[in-house]
Amino acid sequence: MMNKKLTVTLKQNPPVAIEIRGEVITLDAFLKLAGAVESGGQAKHVIQAGKVRVNREVCAMRGKKLRAGDVVRYAGQDYHVTEAKDDGLV
């Protein structure tokens, strides 16, 4: 029996920038805004199940406050929190 080497290449999706209005947003609201989950209930479930990382650390707090510069990872996708640009329009 011959042993064959198997090469596995993981394909990573490019990060997605999500703009927030204001200085902070909660993790559960961010996941909904990003379209990563369909509902607040789903956000609560995936966060409490330890399936979400914030800045490379598992985060089980759905009320975790995110700021521009934070990186959220869920289901193999990175989401970068960015601050909405003030376009001067009222």
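The values are calculated or read from the model by the stated rules, or taken from the named source; none is laboratory data. The model shown is predicted, which means the values in this text are computed figures rather than measured ones. Cβ: placed from backbone, ideal geometry, glycine included. Neighbour counts: every protein chain shown. Accessible surface areas use protein heavy atoms only, side chains included; no ligands, DNA or RNA. Shrake-Rupley method; radii C 1.70, N 1.55, O 1.52, S 1.80 Å.
Could you grab me the full set of residues in segment 17-31 that are more than 15 Å from V46 (Cβ to Cβ) and either over 10 Å from the mean Cα position of the chain (by Cα) or open to solvent by 60 Å² or more (accessible area, probe 1.4 Å) (or both)? Working first, answer last.
Residues of segment 17-31 more than 15 Å from V46 (Cβ to Cβ): 17-25.
Result: A17, E19, I20, R21, G22, E23, V24, I25.
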Extreme residue, farthest from E19 (Cα to Cα), among residues of segment 67-90 that are part of a strand (DSSP E or B) and either open to solvent by 60 Å² or more (accessible area, probe 1.4 Å) or in contact with a Leu (Cβ under 6 Å, 6 or more places away or on another chain) (or both): R73
Of all residues making up segment 11-35, the number that are touching a residue at least 40 places away in the same chain (Cβ under 8 Å) and under 16 Å from A60 (Cα atoms): 5
Return the total of residues in segment 32-58 being within 21 Å of A17 (Cβ to Cβ), open to solvent by less than 100 Å² (accessible area, probe 1.4 Å) and in a loop (DSSP other than H, G, I, E, B). 4
